[in-house]
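Worksheet: one structure, shown below.
The values are calculated or read from the model by the stated rules, or taken from the named source; none is laboratory data. Just so we're clear, the structure is a prediction, and the values are computed from it rather than from any experiment. Here the Cβ positions follow ideal geometry from the backbone for every residue, glycine too, while neighbour counts run over all protein chains shown. The area values use the complete protein model at the heavy-atom level, side chains included, leaving out ligands, DNA and RNA. Shrake-Rupley method; radii C 1.70, N 1.55, O 1.52, S 1.80 Å.
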Amino acid sequence: MGKIKVLDKCNGIEGLKVIEPKVFGDKRGYFVETYNQNDFMEAGIDCIFVQDNQSASKKGVLRGLHFQIHYPQDKLVRVIYGEVYDVAVDLRKDSNTFGKWFGVMLSAENKKQFFIPKGFAHGFVVLSDYAEFCYKVTDFYHPNDEGGLYWNDPDIGIEWQMPSGMPPEDLILSDKDKALGSFQAYKASLYGIPDIK
């Protein structure tokens, strides 16, 4: 594991990992291994990635909080251009940290990666003028299998980093993300009880 450093149990949450690869740089530029199966297995990330995705977003775009319902995915995420604040929320009902969140700055400059195992909701907000976001996943995309939680749910209480000079009401969300459900409703669905507000 000489080529990566791993921060485990982010905010005390089992399974989350921040990975810092070793960067080899000189006057020509740099070289970095973004994925090495042996190093990742040694770090406890023993999964097979089957699909790579990439998205581009402008400043103030917030995507999330998303999760897969019947076909959950492990995710390994990173930023190749710009900067985002990336967040994961523990939705594993038997977890000691159920409902707890962790956030990390990911940027082209710091080259950090964030490993998010199955059972988490995930989202990010773009802090730079533009960002390109890449992620590896362990299951294929299944239409109509997406769940989600509202990004600013008070019962989760994420302390989002905001883009410079932009108030929260100016964040850019898709219509689908604006209509995501509450954490209370999610918990009610897990235990088969009515959503009491």
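For the criterion of being in a loop (DSSP other than H, G, I, E, B), touching a residue at least 12 places away in the same chain (Cβ under 8 Å) and open to solvent by 60 Å² or more (accessible area, probe 1.4 Å), Y71 passes.
The C-beta contact set for the range 4-21 (first residue farther than 15 Å from F120 by Cα and in contact (Cβ under 8 Å) with a residue 12 or more places away in the chain, second residue β-branched (V, I, T) and surrounded by fewer than 17 Cβ atoms within 10 Å (Cβ to Cβ), distance under 7 angstrom, 6+ apart or interchain) comprises P21/V32; P21/T34.
On the basis of being open to solvent by 30 Å² or more (accessible area, probe 1.4 Å) and over 13 Å from W151 (Cβ atoms), does Q113 make the cut?
Values: open to solvent by 30 Å² or more (accessible area, probe 1.4 Å): no; over 13 Å from W151 (Cβ atoms): yes.
Taking the combined requirement at face value, the residue does not satisfy it.
Which of the strands (runs of 3 or more DSSP E) contained wholly in the range 96-193 include at least 2 residues that are of a type in the set (A, V, I, L, M, F, W, C)? Per the criteria, 101-107, 113-116, 120-126, 130-137.
Note on the range 168-195: among residues that are farther than 16 Å from H66 by Cα and modelled with pLDDT of 95 or more, the one that is farthest from the chain's Cα centre (by Cα) is D170.
Working only within the range 18-28, note down all residues that are within 16 Å of the chain's Cα centre (by Cα) and open to solvent by 20 Å² or more (accessible area, probe 1.4 Å).
Within the range 18-28, the subset within 16 Å of the chain's Cα centre (by Cα) is 18-20.
Across the range 18-28, the qualifying residue is only E20.
Determine whether Y85 is touching a Gly at 6+ places or on another chain (Cβ under 8 Å) and either modelled with pLDDT under 95 or of a type outside the set (D, E) (or both). I'd like the intermediate steps shown before the answer.
Values: touching a Gly at 6+ places or on another chain (Cβ under 8 Å): yes; either modelled with pLDDT under 95 or of a type outside the set (D, E) (or both): yes.
Yes.
The set of residues from the range 131-176 being among the charged types (D, E, K, R) and under 20 Å from K100 (Cα atoms) comprises D153, D155, E159. In this entry, K75 is excluded by the filter for residues that are modelled with pLDDT of 90 or more, farther than 30 Å from E169 by Cα and of a type in the set (K, R).
The set of residues from the range 120-169 being polar (S, T, N, Q), in contact (Cβ under 8 Å) with a residue 12 or more places away in the chain and open to solvent by 70 Å² or more (accessible area, probe 1.4 Å) comprises N152, Q161, S164. Taken as a whole, the condition of being assigned to a strand (DSSP E or B) and either polar (S, T, N, Q) or farther than 18 Å from I45 by Cα (or both) applies to D86.
Which condition breaks for D46 when tested against (1) without any contact (Cβ under 8 Å) to a residue 60 or more places away in the chain; (2) open to solvent by less than 50 Å² (accessible area, probe 1.4 Å)? Every condition holds for D46 apart from (2).
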